[in-house]
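Peer 1: The structure is given below, and queries will be raised subsequently.
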Amino acid sequence: MACRFYEIVRYLCQMHKTITSFHNPLIKQIVLLQEKSRERKKTNLFFIEGLREVSLALKGGYQLKTLLYCTGIISEEALISLKETVGAKTEFIEITSEIYEKLAYRGSTEGVLAVALSKNLDIANLDIFTSPSKLNEAPLILIAEAPEKPGNIGALLRTADAANVTAILIANPKTDMYNPNIVRSSVGCLFTNTIATGSTAEIIAFLKEHTISIYCAALQASVLYDTIDFKKPSAIVVGTEATGLSEEWMRNSAQNIIIPMQGEIDSMNVSVAAGILIFEAKRQRGFKV
């Protein structure tokens, strides 16, 4: 195994680049991809850090343009596996530990960074009836309107993945989904979910077209969340803690739902609320631990 590892390392060094300078154009571009939404949209590229995240991106059908690795950190098994898994179009580039430390937000990313091609997540491209694992299920969709904090979006993606929902939709997004803070906080669940974005009007039109009932988490005109029949095609909609949901959602809601609380406040973190609601739907559908 050791001989094979060093053969691969020698091959990569011979056939691909080694970057040692912070002034390298690729390193400068990666910094822009990390910091600027405009750069991500202009180039259709985004940044991934971490072996797990890169592996999930590959599993989710994302094309890696460039994979950067630090031989002082990555294990021989991981490097061999990546070389055998990625497509021939991916360029492997070795980087120094200093450059790795400059680019990596976390120290536990196992020596792997990547630049990947983004996907068009527009609601117009969403087809929820093609996934083989979900063909026989009534759609169960999680929708978040105008979430602002990347950490909350990442947590929602993790909830959606844990519950294996049909899709997660972001209405009126305040940031692009390839923001590195979303990629990082979702721990790769950006790549494991079916995701789409669009305006509130576009998403409501999509739900009506597919006869999916809308249930809005709201305080007004609400019933207890566990009294709803979520076994039929359902969309659970959550808003921000500060402003809740827009009037457009409330007008189109089949029924507003509420989570009873016993404390002094009347709201909770959006990802926590989404988890409670989604897993009640899963419970009704026969999900068991």
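Peer 1: Filter the range 113-122 for residues that are open to solvent by less than 30 Å² (accessible area, probe 1.4 Å) and of a type in the set (Gly, Ala, Ser); which is farthest from the chain's Cα centre (by Cα)?
Peer 2: The selected residue is Ala114.
Peer 1: List the residue pairs whose Cβ atoms are under 8 Å apart, where the first residue sits in the range 196-208 and is assigned to a loop (DSSP other than H, G, I, E, B), the second is surrounded by 20 or more Cβ atoms within 10 Å (Cβ to Cβ), and the two are 6 or more positions apart or on different chains.
Peer 2: Qualifying pairs under 8 Å: Ser199/Ala171.
Peer 1: Same structure again: Scan the range 166-186 and give yes if some residue there is of a type outside the set (Asp, Glu) and free of Cβ contacts under 8 Å to residues at least 12 places away in the same chain, otherwise no.
Peer 2: The answer is no, given that none of the residues of the range 166-186 is of a type outside the set (Asp, Glu) and free of Cβ contacts under 8 Å to residues at least 12 places away in the same chain.
Peer 1: Specify which of the listed residues (Glu110, Glu94, Glu49) is open to solvent by 90 Å² or more (accessible area, probe 1.4 Å) and touching a Leu at 6+ places or on another chain (Cβ under 7 Å).
Peer 2: Sole residue among the options that is open to solvent by 90 Å² or more (accessible area, probe 1.4 Å) and touching a Leu at 6+ places or on another chain (Cβ under 7 Å): Glu110.
Peer 1: Now for a separate question. For the range 127-134, state whether one or more residues are modelled with pLDDT under 95, in a helix (DSSP H, G or I) and open to solvent by less than 60 Å² (accessible area, probe 1.4 Å).
Peer 2: yes
Peer 1: Let me ask something else. Can you spot a residue in the range 216-228 that is of a type outside the set (Phe, Trp, Tyr), part of a loop (DSSP other than H, G, I, E, B) and open to solvent by less than 40 Å² (accessible area, probe 1.4 Å)?
Peer 2: Looking for residues that are of a type outside the set (Phe, Trp, Tyr), part of a loop (DSSP other than H, G, I, E, B) and open to solvent by less than 40 Å² (accessible area, probe 1.4 Å), one finds at least one in the range 216-228, hence yes.
Peer 1: Filter the range 144-183 down to residues that are outside any strand (DSSP E or B), in contact with a helix residue (DSSP H, G or I) (Cβ under 8 Å, 6 or more places away or on another chain) and charged (D, E, K, R), then give me how many there are.
Peer 2: 2
Peer 1: May I pose another question? Six or more apart or on different chains, Cβ atoms under 8 Å: show the pairs whose first residue is in the range 83-94 and in contact (Cβ under 8 Å) with a residue 12 or more places away in the chain and whose second is basic (Lys, Arg) and not in a strand (DSSP E or B).
Peer 2: Glu91/Lys17; Phe92/Lys83; Ile93/Lys17; Glu94/Lys17
Peer 1: Looking only at the range 52-73, filter to residues that are of a type outside the set (Lys, Arg), open to solvent by 10 Å² or more (accessible area, probe 1.4 Å) and closer than 20 Å to Tyr105 by Cβ; which one of those is modelled with the lowest pLDDT?
Peer 2: Across the range 52-73, the extreme among qualifying residues is Gly72.
Peer 1: Next question. Name the residues in the range 177-215 that are open to solvent by 10 Å² or more (accessible area, probe 1.4 Å), among the aliphatic types (A, V, I, L, M) and more than 23 Å from Ser246 (Cα to Cα), would you?
Peer 2: Once the filter is applied, which keeps residues that are open to solvent by 10 Å² or more (accessible area, probe 1.4 Å), among the aliphatic types (A, V, I, L, M) and more than 23 Å from Ser246 (Cα to Cα), the range 177-215 yields only Val187.
Peer 1: Of all residues in the range 268-289, count the ones that are open to solvent by less than 60 Å² (accessible area, probe 1.4 Å), part of a loop (DSSP other than H, G, I, E, B) and either under 21 Å from Pro139 (Cβ atoms) or touching a strand residue (DSSP E or B) at 6+ places or on another chain (Cβ under 8 Å) (or both).
Peer 2: Total meeting the criteria: 1.
The values are calculated or read from the model by the stated rules, or taken from the named source; none is laboratory data. Quick caveat, the model's predicted, so the values are computed rather than measured. Neighbour counts run over all protein chains shown; Cβ positions are idealised from the backbone, glycine included. Areas reflect the complete protein model, heavy atoms only, side chains present, ligands, DNA and RNA absent. Shrake-Rupley method; radii C 1.70, N 1.55, O 1.52, S 1.80 Å.
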